[in-house]
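Working notes, beginning with the structure itself.
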Amino acid sequence: MTGYSDHLIKNVIRQKLDKNTKPDQPAARQPPKIIIYHQNHFHDRYQEECHALKSINRRGVTPTDPTTIIHFRIYCKPNLTRSLVMRNSTAPATPNKTTTNVVYKFS
């Protein structure tokens, strides 16, 4: 008689079921992040300006919770004709209905 033994088949089935029913290991908790966004336009000295903003953020801004990490993201926008057309559009401006006041502790 050829084939697999019943004992081997039961072991493989049990291993597969145990693998699928075991609770996963909890993922390592990442510290909470605060992301500060800044939009900039390309100009002659935009790299120096971005570097200055990053150094100010690194030296003078600390979160109130010491486990929190601050990320600074700078978006540089080109001065293109299409962006000027969109900015000078005659469409009515939409008011900002939702504003938030965030307070940071500077040391």
Take the conditions part of a strand (DSSP E or B), hydroxyl-bearing (Ser, Thr, Tyr) and at pLDDT 75 or above and apply them to Tyr37. Does it pass? yes
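Which ones in the stretch 44-65 are under 21 Å from Pro78 (Cβ atoms) and touching a residue at least 12 places away in the same chain (Cβ under 8 Å)?
Of everything in the stretch 44-65, those that are under 21 Å from Pro78 (Cβ atoms) and touching a residue at least 12 places away in the same chain (Cβ under 8 Å) turn out to be Tyr46, Cys50, Leu53, Lys54.
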Is it the case that some residue within the stretch 52-66 is touching a Ser or Thr at 6+ places or on another chain (Cβ under 7 Å) and modelled with pLDDT of 65 or more? yes
Residues of the stretch 1-29 classified as basic (Lys, Arg), modelled with pLDDT of 70 or more and not in a helix (DSSP H, G or I), total: 1
Could you list, in sequence order, all residues of the stretch 58-68 that are loosely packed, with under 12 Cβ neighbours inside 10 Å and either part of a loop (DSSP other than H, G, I, E, B) or under 19 Å from the mean Cα position of the chain (by Cα) (or both)? Arg58, Thr64, Asp65, Pro66, Thr67
Which members of the stretch 40-54 meet the condition of being over 20 Å from the mean Cα position of the chain (by Cα) and either under 17 Å from His71 (Cβ atoms) or assigned to a strand (DSSP E or B) (or both)? His41, His51
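The values are calculated or read from the model by the stated rules, or taken from the named source; none is laboratory data. Note that the structure is a prediction, hence the values are computed from the model and not measured. Please note: Cβ atoms are built from the backbone with ideal geometry, for glycine as well, and neighbour counts cover all protein chains shown.
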